[in-house]
1. Ranking A:TYR207, B:TYR59, A:TYR82 by Cβ neighbours within 10 Å, fewest first, what do you get?
2. Please arrange A:GLU157, B:GLU103 by how many other C-beta atoms lie within 10 Å of their C-beta, fewest to most.
3. Any chance you could list P(r) for region A:80-282, counting all Cα-Cα pairs in 5 angstrom bins from zero, rounded to whole %?
4. Ignore the peptide's own chain and count Cβ atoms of other chains within 10 Å of each Cβ in A:136-144; give me the average, rounded.
5. For Cα pairs less than 8 Å apart in space and 6+ apart in sequence, what is the mean separation divided by the residue count of region A:80-282, i.e. the relative contact order in percent?
6. State which entries of A:LYS107/B:LYS120; B:LYS120/B:LYS193; B:LYS61/B:LYS193; A:LYS149/A:LYS224 exceed 22 angstrom in Cα-Cα distance in the structure shown.
7. Counting other beta carbons within 10 Å of each Cβ, put A:THR167, A:THR245, A:THR215 in order, fewest first.
8. How high is the relative contact order of region A:85-185, in percent, with contacts defined as C-alpha pairs under 8 Å that are six or more residues apart?
Amino acid sequence: MATVDDLKFEEFDDAANLLAANPDATTISIDEPVEIPKNQHSRRQEPGREEDDELLGTFHSDKTELLAGQKKSAPFWTFEYYQTFFDVDTYQVLDRIKGSVFPVPGKNFVRLYIRSNPDLYGPFWICATLVFAIAVSGNLSNFLIHLGKPTYHYVPEFRKVSIAATTIFAYAWLVPLALWGFLMWRNSKVMNIVSYSFLEIVCVYGYSLFIYIPTAILWIIPEKVVRWVLLMFSLCISGSVLVMTFWPAVRDDNRRIALATVGTVVLLHALLSVGCLAYFFDAPELDFPAPIIPITPAHNGTT
Amino acid sequence: FAGLADVSISEDIPVEGEITVPVGSHSPEEDFSTLDEPVRDTIMRDLKAVGKKFVHVMYPKKSSALLRDWDLWGPLVLCVSLALMLQGGSADSKDDGGPQFAEVFVIIWFGAVVITLNSKLLGGTISFFQSLCVLGYCVLPLTVAMLVCRLVLLAGSGTISFIIRLIVVVAMFGWSTLASTAFLADSQPPNRKALVVYPIFLFYFVISWMILAFTPQ
């Protein structure tokens, strides 16, 4: 039975004093949770990530999933919540752009580059640049095509900017929303190993549109063949990025649904590019008749 | 914790220092003095501040005056004059003409707000209105370019005038971008500078295209 003295509260000396008195005692030190190792982890991983990802695969994504879970803890009405979507450095954005332009067969864009750190910087500014690239290039190409024709008066066609903006931003945000909803619905029926968050899908779509920026600038060249070759080329590249991302997500599903999903993704992408080419760029072969003075009856009368 | 147990403020250690923040104490006097001064002094002080910032933009040095005392008068004046000068473009068909007044206004202000939000989301330390102020003031070279373009177009609208306009607009676009980057780049985290500078580049590029594409009726 403990005496009253035993139960008296004991003041403990400072840890240093205690250790000085008893140097062999085991000690535990508890540090504050440090933010830096997480960033160091992701940065150290970047250079050798291709090999790592191939070998470690799910293990690595589990680790990054866990770490990512620590990030987005702010409530959605604070500014810090949205800052987590802009947590990218310049080299990361450039790497993602590179990955969308040079798709490596078999490597998934989301797993390889996004790695549970989807950003909104890329999709937003790539869409904005694409809007102005298409509008300006379309305007320039129309100017060059109709240059020299006496009936042509140059107009800046500023309305087309708002049309381009609506189209591209709607495509880059509503189609991922629909696709995400569809994948979530299928996920509830068929257990898929691979599933993407909404922001990851927005990210893939945004970065996959990057190839259209140089394509739009090159569409100024007023040759129909050149334009269609460029369109096919960029459609192949960005389409392959999308296909390689979404095929693993539907592969375990019913064969026909999987093919239909991937087919719809590619079809919508093709519709966007063909629509942009047709609407913003006048056809170069629709040549207006050369400026010949029309024969009027008065002229005939003088011969 | 033995040492802390008997810490107490003994009477022979004097406690000194000022707790009050001295800034607030002067402003009531200033308010009274601006009420009493002639109206011309008040207006001239603001005009001088705006003018000083214009000079800072034209000769950008890394001074903090532009950032510290922000005001939005200059950007407003520049935006309105630019939008007014972009009027009177070819309006044969309402759909194909140049930007309307409201469109220019919205593009400049909305664009500046988006760029400011972008830089703050990326971790920049500049305040919202300071960034708006800098972006607005750096439209000054492009407004000068618009003025020059309209004067050149009065003389004629052939190829030579186009080349002159192109050179002037490109030069002023470069000046605007460099001026705003000089003021804004320091407040950004070092490994994201390019991410912040690119939208500024795009913003002034769009304004330059609107200026270059302007054709009189």
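1. Arranged by neighbour count, lowest to highest, A:TYR207, B:TYR59, A:TYR82 become B:TYR59, A:TYR82, A:TYR207.
2. B:GLU103, A:GLU157
3. The percentages, shortest bin first, are 1, 7, 15, 18, 18, 15, 11, 7, 4, 2, 1, 0, 0, 0.
4. 1
5. About 32 percent, as a whole number.
6. Numbers: A:LYS107/B:LYS120 33 Å; B:LYS120/B:LYS193 12 Å; B:LYS61/B:LYS193 18 Å; A:LYS149/A:LYS224 20 Å.
Among A:LYS107/B:LYS120; B:LYS120/B:LYS193; B:LYS61/B:LYS193; A:LYS149/A:LYS224, the Cα-Cα distance tops 22 Å for A:LYS107/B:LYS120.
7. Values: A:THR167 17, A:THR245 27, A:THR215 24.
Fewest-to-most Cβ neighbours within 10 Å comes out as A:THR167, A:THR215, A:THR245.
8. Here the relative contact order equals 28 percent.
Read the figures in this text as sums done on the coordinates, not as results from a lab. If you're wondering where the values come from, they're calculated on a predicted model, not measured in any experiment. Heads up, the Cβs are rebuilt from the backbone with ideal geometry, glycines too, and the neighbour counts pull from every protein chain shown.
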